[in-house]
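Data block below; observations after.
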Amino acid sequence: MSSSKSSVAALAARLTQPGPSASKRADDDGSDLDDEELFAQLEAEIENDSDIALRERGLEKIKRDMEALKQMRQSGHGRYDEIIDEKEVVRISANEPRCVIHFYHSNFKRCEIMDKHLGSLAPKYFNTRFLRVFVENVPWLVEKLGVKVLPCVVCFIDGVSKDRLIGFEDLGNKDYFETATLEWRLMNSGVIQKEQKCDSGVTYGVSSSVRQNIRGQPVDDDFDFDLDD
C-alpha cells in the first residue's frame, strides 16, 4: 500500500471509529483535532490520490459512515444515560438492536456499584445502548418485567428481553468485583459483542477465575412487549 493510501486509511479510521464523542481526537503529535479538521485532511489526501475510483467513492463513503455514527451518538450511544419517561424507555428497548437497562433505586448501595461498572462499559460497546431507570418512574415496566430484586439489569436484543442479572448473584455475590466479570456476563447474553471497540482502546481482560465467578446462565426470558399509546 502506498504512503498516500496508508494516510487515507488512517484518517478514515479515526473519523469513523465509534466513540462517545468525536468533537476532539488526538493527533499523532498529541494535539487535538475536531472532525471538520480531520475531514479536511482526509479530503486533501483523497483529492491528491492518483486512484480515480478512490476519489469518486472514498469521500462519499466516509461521509455516510460519519453521518451514521453522528446519529448514533445523538441518540445516546456511547453513554450511560438515565431515562425518566417510561414510554421512552419502552421505545428505546423496542427499537434498539441491543439495549442494557439497569433498574435501580437511589437507596441501594449495590445499584451505585452497578452504575459504576455499566458506566465504564457504555463507551466501550458503542453499538449497545446503556440505560438506567429509577424504578419509581417506571411502575408499569417493573410490574410487566417482574422486577423484584435490585439491582436488576435486563438485556434486550431486537426488542425482546433475552436475559437479566438479578442482584449480584451472577457476579460472585459480593460488592467488589471486576468490570470484566460483568462484561463477560453481558457478553454471554449476546447484548454486547466482543469485536466492538471504543476510541480509548481500553480492553478488559477476563481471567479464568473471573469466569468461575460467573455462575449464572442466560435465562429463557423471551418477553416481547409494547406500550399502547
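Any read-out appearing in this document is the output of simple, stated calculations on the displayed coordinates, not a laboratory observation. Computed from a predicted model, the values in this text were never measured in an experiment. Virtual Cβ from ideal backbone geometry, glycine too; neighbours counted across all protein chains shown.
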_Residue that is surrounded by the fewest Cβ atoms within 10 Å (Cβ to Cβ), among those in segment 72-128 that are over 20 Å from Leu171 (Cα atoms) and of a type in the set (Gly, Ala, Ser)_ = Ser106
*Can you run down the residue pairs with Cβ atoms below 6 Å, 6 or more apart or on separate chains, where the first is in segment 77-101 and hydroxyl-bearing (Ser, Thr, Tyr) and the partner is buried (at least 16 other Cβ atoms within 10 Å of the Cβ) and part of a strand (DSSP E or B)?*
Tyr80/Phe130; Ser93/Cys99; Ser93/Phe156
*Do you know which of the residues in segment 145-167 that are in contact with a strand residue (DSSP E or B) (Cβ under 8 Å, 6 or more places away or on another chain) and among the small types (Gly, Ala, Ser) is farthest from Thr128 (Cα to Cα)?*
Gly167
